[in-house]
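In what follows, a structure is listed as structure tokens, so that the remarks can point back to it.
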Amino acid sequence: MNAKIGISERFSRIEQMIGVDGLKKLNSASVIVVGLGAVGSYAVEALARAGVGRIKVVDFDLIKPSNINRQLYALESTMGNAKVDVAANRILDINPKCRVEKMNVFVHKETVNSVLAGEWHLLIDAIDSLNPKVELLIGAKNAGINVISSMGAAMRRDPSLVRVGSLEQVKNCPLARQIRKKLRRLKADVDIPCVYSMEKV
């Protein structure tokens, strides 16, 4: 598709659903996605196809054969490539006018501030390592960035049990329980919006 095509024409179906002002809001929105695996890769896809105007993708990993069963970017043609590079190229293939930033880094105490630097409307936390996840959530709260966090999804098979709610309310998720425990120990807020499954592992 020609890059000169206007945002309204490119996303005409979305404009029909939410109106011109709604599409403009999406186009002026800025979102960080940390973790480009089974959750993050599809989140980025939805953001790009919805017309979000600025997206930052963060991941330290390369694409491996074991990713093929669940990750959008994992293809025979992308093996060994950095996930952030594949993600950025795909976003621009969908919407060449999107302002894409990428960081090939592992999130931890020393990198979290640089990951969150700048003005952002939303952080999508799609990482599954406990300590980096806690550090990212605390960093986002301190920076005043709205967050939605993905809890554990491994071995869950029933989509009817997926919920959106506060981390305080999550049940049947060992990862959520560990995150709450660490946040409380650090005297940090546990009222964090998240997506989780009620299904027992």
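Sorted into 10 angstrom bins from 0, the C-alpha pair distances of the chain split as 9, 33, 36, 20, 3, 0 percent. For LEU186, the accessible area of its heavy atoms, probed at 1.4 Å with every protein chain present, is near 110 square angstrom. At the residue level, GLU168 shows approximately 100 square angstrom of accessible surface with a 1.4 angstrom probe and all protein chains present. Using only Cα atoms, tell me the angle between helix 174-185 and the longest principal axis of the chain; keep it within 0 to 90° and round to the nearest 10. That works out to roughly 70 degrees.
Ranking ILE55, ILE68, ILE14 from most to least accessible surface, computed with a 1.4 Å probe over the protein chains only, gives ILE68, ILE14, ILE55.
Over the stretch 92-162, give the accessible area per residue in Å² for a 1.4 Å probe, as an integer.
Ligands and nucleic acids excluded, the figure is 56 Å² per residue.
Our note on the geometry: Cα centres of the stretch 19-36 and the stretch 160-201, 26 Å apart.
Annotation: lysines with alpha-carbon distance below 19 angstrom to LYS133 (same-chain offsets under eight excluded): LYS56, LYS83, LYS102, LYS109, LYS141, LYS171, LYS181, LYS182, LYS187.
Is the C-alpha gyration tensor of the stretch 86-201 telling us rounded, prolate or oblate? Criteria: a/c under 1.5 is rounded; beyond that, a/b larger than b/c is prolate, otherwise oblate. The shape class here is oblate. Couplings 3J(HN,Hα) for the stretch 75-85, derived from phi with the Karplus relation 6.51 cos²θ - 1.76 cosθ + 1.60 (θ = phi - 60°), are 9, 4, 6, 10, 3, x, 7, 5, 4, 5, 5 Hz, where x marks Gly and Pro. Between helix 40-50 and the chain there is an angle of about 40 degrees, using the helix long axis and the longest principal axis of the Cα atoms. Tilt of helix 130-143 relative to the longest C-alpha principal axis of the chain, in degrees (0 to 90, nearest 10)? The angle comes out at about 70 degrees. Cα centroids of the stretch 66-84 and the stretch 101-156: how far apart, whole angstrom? Result: 21 Å between the Cα centres.
Taking every protein chain into account, the 1.4 Å probe leaves PHE11 with about 10 Å² of accessible area, to the nearest ten. In the chain, the portion of solvent-accessible area held by carbon and sulfur atoms comes to 53 percent [1.4 Å probe, whole percent, DNA, RNA and ligands not counted]. Residue order by solvent-accessible surface for TYR73, TYR42 is TYR42, TYR73, largest first, with ligands and nucleic acids left out and a 1.4 Å probe.
The values are calculated or read from the model by the stated rules, or taken from the named source; none is laboratory data. All values reported here derive from a predicted model rather than from experimental measurement. Calculation scope for accessible area: heavy atoms of the full protein, side chains included, ligands and nucleic acids excluded. Shrake-Rupley method; radii C 1.70, N 1.55, O 1.52, S 1.80 Å.
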